[in-house]
1. Using θ = phi - 60° and the Karplus curve 6.51 cos²θ - 1.76 cosθ + 1.60, what whole-Hz ³J(HN,Hα) does each residue of segment 302-314 get, with Gly and Pro shown as x?
2. Please give the FRET efficiency for ASP98 paired with THR312, using the beta carbon to beta carbon distance and R0 = 45 Å, rounded to the nearest 0.05.
3. Using the structure shown, select from LYS163/LYS274; LYS189/LYS274; LYS274/LYS384 the pairs with a Cα to Cα distance greater than 28 angstrom.
4. Expressed as a whole percentage, what fraction of the accessible surface of the chain belongs to carbon and sulfur atoms when a 1.4 Å probe is rolled over the protein heavy atoms?
5. Quick one: if you stick a label point 7 Å off each Cα along the C-beta vector at TYR131 and THR324, how many nm between them?
6. Would you mind checking which residues have amide H under 5 Å from ALA252's amide H? H placed 1.01 Å from N; only 5 or more apart, or other chain.
7. Take MET158 and LEU68, extend 7 Å from each Cα along the Cα→Cβ direction, and tell me the distance between the two endpoints in nm.
8. Could you list which residues have their amide H under 5 Å from that of THR182, counting only those 5 or more apart in sequence or on another chain, with H placed in the peptide plane?
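The values are calculated or read from the model by the stated rules, or taken from the named source; none is laboratory data. Predicted, not measured: the structure shown is a model, and the values here were computed from it. When we count neighbours, we look across all protein chains shown, and the Cβ atoms used for this are built from the backbone with ideal geometry, even at glycine. For accessibility, only protein heavy atoms count, side chains too; no ligands or nucleic acids. Shrake-Rupley method; radii C 1.70, N 1.55, O 1.52, S 1.80 Å.
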Amino acid sequence: MPSEKESISFEKSNMTLDSSDAKIDNGSESDSNGVKDFIVTPWEVTGDIDYSKLIEKFGTYTISDALLEKIKYFTGEIHPFLKNKYFFSHRDLDVVLDEYKRGNKFYLYTGRGPSGLVHLGHLMPWLFTKYLQEKFDVKLIFQLTDDEKFLFNSNLDMKTIQKYTYENILDIISIGFDPKRTKIIVDTKHIKYLYPLSIEIAKKITYSTAKAVFGFSNSSNIGMIGFPPVQGAPCFLPSIIENKPTPVLIPAAIDQDPYWRVTRDIAEKLGYPKPAQIHSKFIPGLSSVGKMSSSKPETALFTVDDPEILETKIKNTFTGGQPTVALQRKLGGNANICPVYWYLNYLFDTEKESQERYSDCTSGNLLCGECKSDMIKNVKPFIKDIQTKRDKAQNLIKDFMIDGREFFEDSSVGFK
Ligand code: TYM
């Protein structure tokens, strides 16, 4: 843990530091024949996810109307991601808001595992995090788990991950977080900020719990087994920075929940508040099944995609439409399984537009080509804006890094 002399402060843009919730379940769900129909873990999300079942299995809570009103008390409105239930589940969000009302500000904490380029799915929790930062005027810790991606992917080397880490940092900065209230931690660069906390966490978690929660087996490398406390550590870092118990709220998709379950379980034993979460669903890929994922690039919309590529990908998107125009007019489409409807509904349409689109689609008044063209019209400027901000972000990296240094600063080791 940093000594007083080595304390971390958000006041300085140049930060120096020189000197049981744990449920035994990974969310997998089986039908009566024992066939798994969906799996949600930090490393695998497959199948047709039933989010209500996931709430039950993970032991989280639905965001109730009463809780929405509680949020509205501070924000003056209900954000579309909350209204349309994209963020649908939580742990202790009410506790964090009550503390906030009493004057005890929370920190936001979110992150990215830099295993590839950033796609639209990753942006969703970050856009919401930015909104929360602005509305609540709070600080944010943003972790990049380059170590996780190295340890969990046999085909990724550190050089490739470093390249993605840099690219991902540009995306993060382009979201528009406030540099004075946002600090980025790259695990392999800034481990000294996390290591003292992560060993405290590690000491309280048995191998048997880690196996049960994360599914480790005899063939897991030992780096994988040791990693979860590193992702848990930023949950407690704000208490160190502020030098008092400081609540933390984590916006993320629900795949990350196993990390928080084990961290919450040991928080109070270590004298820290349990980290609170607000969980989102997953945005689907452009094919008929599964979440948007960098590992299926043809079905993902990346922040670095050229406009023509975006257009081609969207034109090739699976939809809930009928095979012919005549059948579409006669039978109507199935908006419930259509990724194009999904993106327009969750990201671009107003509530009214979305309702109209749904009824026009299902009654056969709207053709898939029209929805795809609406999506192209919305996605292109959205991504273009990010690309413009990414270009400028190259000069802002120092302002965001927890050590106040450039990403590629020389860190060669040797005797002087
Ligand atoms: P990663 O890089 O897999 O994902 C980054 C964030 O994006 C969310 N996400 C999605 N959300 C919606 N639709 C999708 N298709 C989709 N794919 C990914 C993830 O839930 C996550 O919020 N281990 C983490 C990195 C991390 C982290 C954190 C994430 C470290 N600390 C704290 C959240 C909060 C990871 O590999 O995320």
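1. So the J values, rounded to whole Hz, are 8, 5, 9, 5, 5, x, 5, 5, 4, 4, 4, 4, 5.
2. Using R0 = 45 Å, I get an efficiency of 0.35.
3. LYS163/LYS274; LYS274/LYS384
4. Within the chain, the accessible surface is 51 percent carbon and sulfur.
5. Placing both labels 7 Å along Cα→Cβ, they lie 4.3 nm apart.
6. ILE278, SER280
7. In this crude label model, MET158 to LEU68 measures out at 4.8 nm.
8. Here the answer is LEU140, since their amide H atoms fall under 5 Å of that of THR182.
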